[in-house]
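To start, the structure under review is shown below, and the notes come after it.
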Amino acid sequence: MRKGIVKLGLSVASSMKDLAPILIVVAVFQLGVLQQPLPNLVETAIGVLLVLLGLTFFINGLELGLFPVGESIAHAFARKGSVPWLLLFAFALGFGTTVAEPALIAVADEAASIASEAGVIAMTDAAREGYAGGLRLTVALSVGVAIVIGVFRIIKGWRLDLMIMGGYLLVVIMTALAPREIIGIAYDSGGVTTSTITVPLVTALGVGLASSLKGRNPMLDGFGLIAFASLTPMIFVMAYGMVF
């Protein structure tokens, strides 16, 4: 019991250290530059406390649950030796975690609202929901494909740098061809996919798989899946804009 309390205290202190730069910046600009007191001080303090506790529990949850689960599943598939099932799991993991990503939901909804106001789509709830849903499914599909490519790269031992350079070359080419209205959304989609849900599980999958395969180095081969997950949404969303 005592060890648990001590560990929790250390975790809270570590989270406070991570939050300190943000709090310092806000305080300096609010009090020093704007020279105004913080609005709703009590509510702000309660919010900071909730963020501190949430960050602490989230990090501990990753260490206790998501990372071990991802690595154990990767080890199990490597022992089973079934590449098709491993690739199917990789696609399902990428698709499932991305479609539930809160940041993606927020960006898709905002993009639908702006598209409606700009006259790109009809100003109806059905049109906005369809646009946002199509965008979310496109991004989720792209991440599923990205994780499959990344896992296949680990299995085959292909060079990550060449694949990433080729992917960004395709992004540059598609940027010149895609509608201007979709380019910014496409670029942002590459960032919002690598957030709280996707990153832990995908990273654990890559590291666990590289650790299980003979001749693979977890440091060299285990990482890089997130890079694919950031790259492919830009390609898929620009293609989505060009088609629809």
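The values are calculated or read from the model by the stated rules, or taken from the named source; none is laboratory data. Here the structure is a predicted model, which means the values were calculated and not measured. Glycine gets a Cβ as well: all are built from the backbone with ideal geometry, and neighbour counts include every protein chain shown. The area values use the complete protein model at the heavy-atom level, side chains included, leaving out ligands, DNA and RNA. Shrake-Rupley method; radii C 1.70, N 1.55, O 1.52, S 1.80 Å.
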Would you call Ala127 over 23 Å from Arg216 (Cβ atoms), out of contact with any Phe, Trp or Tyr (no Cβ under 7 Å at 6 or more places or on another chain) and outside any loop (DSSP other than H, G, I, E, B)? yes
With respect to Arg128, is the statement that it is more than 24 Å from Gly208 (Cβ to Cβ) and within 20 Å of the chain's Cα centre (by Cα) true? no
Of the residues in segment 204-217, those that are open to solvent by 30 Å² or more (accessible area, probe 1.4 Å) and within 21 Å of Glu101 (Cα to Cα) number 0
Return a yes/no flag: does segment 13-22 have any residue that is open to solvent by 80 Å² or more (accessible area, probe 1.4 Å), within 26 Å of Val202 (Cα to Cα), acidic (Asp, Glu) and at pLDDT 75 or above. yes
Take Leu220 and tell me if it is in a helix (DSSP H, G or I) and open to solvent by 50 Å² or more (accessible area, probe 1.4 Å). yes
Would you pick out the residues in segment 6-37 that are out of contact with any Leu (no Cβ under 9 Å at 6 or more places or on another chain) and charged (D, E, K, R)? Lys7, Lys17
Residues of segment 15-58 that turn out to be out of contact with any helix residue (DSSP H, G or I) (no Cβ under 7 Å at 6 or more places or on another chain) and touching a residue at least 40 places away in the same chain (Cβ under 8 Å), as a count: 2
Of all residues in segment 115-126, count the ones that are surrounded by fewer than 16 Cβ atoms within 10 Å (Cβ to Cβ) and without any contact (Cβ under 8 Å) to a residue 12 or more places away in the chain. 7
Scan segment 140-160 for residues that are assigned to a helix (DSSP H, G or I), without any contact (Cβ under 8 Å) to a residue 60 or more places away in the chain and either farther than 25 Å from Val99 by Cβ or open to solvent by 10 Å² or more (accessible area, probe 1.4 Å) (or both) and jot them down. Lys156
Take the residues in segment 157-199 that are among the polar types (S, T, N, Q) and under 24 Å from Leu220 (Cβ atoms), then tell me which one is nearest to the chain's Cα centre (by Cα). Thr194
The condition of being assigned to a helix (DSSP H, G or I), under 23 Å from Ala204 (Cβ atoms) and not aliphatic (A, V, I, L, M) holds, among Gly134, Gly190, only for Gly190
For segment 58-90, how many residues are within 19 Å of the chain's Cα centre (by Cα), surrounded by fewer than 18 Cβ atoms within 10 Å (Cβ to Cβ) and modelled with pLDDT of 75 or more? 5
Restricting attention to segment 93-111, which residues are of a type in the set (Gly, Ala, Ser) and at pLDDT 85 or above? Gly94, Gly96, Ala106, Ala108, Ala111
Failed condition for Thr193, given (1) at pLDDT 90 or above; (2) open to solvent by less than 30 Å² (accessible area, probe 1.4 Å): (1)
